[in-house]
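The values are calculated or read from the model by the stated rules, or taken from the named source; none is laboratory data. Nothing here was measured: the structure is a model prediction, and the numbers come from that model. Cβ coordinates were reconstructed from backbone atoms using ideal geometry, including for glycine residues, and neighbour counts include every protein chain displayed.
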Ligand code: IFM
């Protein structure tokens, strides 16, 4: 059974919950907001399970105070949210939508009034559609547009928001969006995807000095989705495949951010699909950050597969019986392993777990409650893993549960619930789950 307690973590450690704009806000076509790539993608038949769309989601835009009260009720010290680029700059660049900025003013002020520290993510995948129409992330100008977006948002909120995350999970917005086609904009072009990874990382680097100049005392980082990579067998072929797979999954992002450029072995595998890199880009990408965000969900077990995509690798079923509603193996020891590895190989400074959580097929019981004990145990076991990493010398800054609310889970629509708070999407009624109550108890000093 999990054993860790809050008292085992330093006072400065931030406990929080995470959300993202597109997944909760709704209000997709009011007060000046225009479509993002995900609005367009969701409107295409067959893209999202059950034809769901993010148009209403949790209608957080109109339930702001109620949702901030829930954050407060959990007793967390920090709330991580993202800013909707198409709400602020409906065309992606140029004219600023004052109503959009005013919404985030209210959000930030509401958090501060409740004694909760805002952690702001600039980009959680909702690229304004006009920028995609012009070429999207494979086009270099999108990185410049991002830096202008960072400027607009940080000028307005930088007096109150001190934690800034440039991007959430670049692997998903680029590889899943431009190569695997499962995420917006739904393309299947490896070279475009790799160019997109470069421009997303470049945009991170371009935004850093902008944030530094607009935010006095600001702390800036990026949130990566990382995975421990294990080999299916001891064979030489599987071992090499696991190294290649790790190259694209993890090192492709970690290496350039830490001043090493892109991994040579991955560049070799990519061949003509490798991105074009302009002079100075790598130095820009390696700009100094103040913390690294890591989103952790599962490990991957890898076998050699000559037909297995650019890294000639295949993810093998773990055979685990303890899996979440996504079929993801519950593997908390992977979090400890990952944190020790990143610390040993990259010395990134403080690390915050910016996402960790689980979807389960929650049902409301006859007593009107959601008895999701498995989610509470999942979280507690991962906190144990954090404590082990800390005892192993990892510098940890915080832990954020994904997610505050059940929400729009991308290609899975509303079929996957990750919240500590249940949302009835027909009535917008919120109900604290048992896991939320457990987390609040865990955090109570
Ligand atoms: O819901 C997502 C989130 O937007 C990014 N990280 C993973 C979560 C669960 O799939």
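When residue 227 is tested against (1) part of a loop (DSSP other than H, G, I, E, B); (2) out of contact with any helix residue (DSSP H, G or I) (no Cβ under 8 Å at 6 or more places or on another chain), only condition (2) is not met.
Residue by residue through the stretch 360-371, note down the ones that are surrounded by 19 or more Cβ atoms within 10 Å (Cβ to Cβ) and within 23 Å of the chain's Cα centre (by Cα).
Of everything in the stretch 360-371, those that are surrounded by 19 or more Cβ atoms within 10 Å (Cβ to Cβ) and within 23 Å of the chain's Cα centre (by Cα) turn out to be 360, 362.
Every condition in (1) surrounded by fewer than 21 Cβ atoms within 10 Å (Cβ to Cβ); (2) within 16 Å of the ligand (Cβ to nearest atom); (3) within 27 Å of residue 201 (Cβ to Cβ) is met by residue 323 except one, and the failing one is (3). Of everything in the stretch 124-144 that's surrounded by fewer than 23 Cβ atoms within 10 Å (Cβ to Cβ) and closer than 21 Å to residue 287 by Cα, which residue is nearest to the ligand (Cβ to nearest atom)? The extreme case among them is 143. Within the stretch 164-193, being in contact with a strand residue (DSSP E or B) (Cβ under 7 Å, 6 or more places away or on another chain) and in a loop (DSSP other than H, G, I, E, B) holds for one residue alone: 169.
Being in contact (Cβ under 8 Å) with a residue 24 or more places away in the chain, assigned to a loop (DSSP other than H, G, I, E, B) and out of contact with any strand residue (DSSP E or B) (no Cβ under 6 Å at 6 or more places or on another chain): is that true of residue 47 here?
Values: in contact (Cβ under 8 Å) with a residue 24 or more places away in the chain: yes; assigned to a loop (DSSP other than H, G, I, E, B): yes; out of contact with any strand residue (DSSP E or B) (no Cβ under 6 Å at 6 or more places or on another chain): yes.
For residue 47, the condition - in contact (Cβ under 8 Å) with a residue 24 or more places away in the chain, assigned to a loop (DSSP other than H, G, I, E, B) and out of contact with any strand residue (DSSP E or B) (no Cβ under 6 Å at 6 or more places or on another chain) - is met.
The lone criterion from (1) under 17 Å from residue 379 (Cβ atoms); (2) surrounded by 15 or more Cβ atoms within 10 Å (Cβ to Cβ) left unmet by residue 5 is number (2).
Among the residues of the stretch 109-121, those identified as surrounded by fewer than 20 Cβ atoms within 10 Å (Cβ to Cβ) and in contact with a helix residue (DSSP H, G or I) (Cβ under 8 Å, 6 or more places away or on another chain) are 110, 114, 115, 117.
The requirement of being within 16 Å of the ligand (Cβ to nearest atom), farther than 22 Å from residue 286 by Cβ and without any contact (Cβ under 8 Å) to a residue 12 or more places away in the chain is fulfilled somewhere in the stretch 162-176, by at least one residue.
The criterion of at least 3 residues that are touching a helix residue (DSSP H, G or I) at 6+ places or on another chain (Cβ under 7 Å) and in contact (Cβ under 8 Å) with a residue 12 or more places away in the chain is met, among strands (runs of 3 or more DSSP E) falling completely within the stretch 372-445, by 396-402.
Selection of the stretch 295-320 for residues being on the phi < 0 side of the Ramachandran plot, more than 16 Å from the ligand (Cβ to nearest atom) and either in a loop (DSSP other than H, G, I, E, B) or at pLDDT below 95 (or both) yields 305, 306, 307, 308, 310, 311, 317, 318, 320.
Note on the stretch 348-365: among residues that are in a loop (DSSP other than H, G, I, E, B) and touching a residue at least 60 places away in the same chain (Cβ under 8 Å), the one that is nearest to the ligand (Cβ to nearest atom) is 357. When every residue of the stretch 394-405 is checked against the conditions, none turns out to be over 24 Å from residue 68 (Cβ atoms), modelled with pLDDT of 95 or more and within 16 Å of the ligand (Cβ to nearest atom).
Look through 16, 77 and report the one residue that is surrounded by fewer than 18 Cβ atoms within 10 Å (Cβ to Cβ), in contact (Cβ under 8 Å) with a residue 12 or more places away in the chain and out of contact with any helix residue (DSSP H, G or I) (no Cβ under 6 Å at 6 or more places or on another chain).
It is 77.
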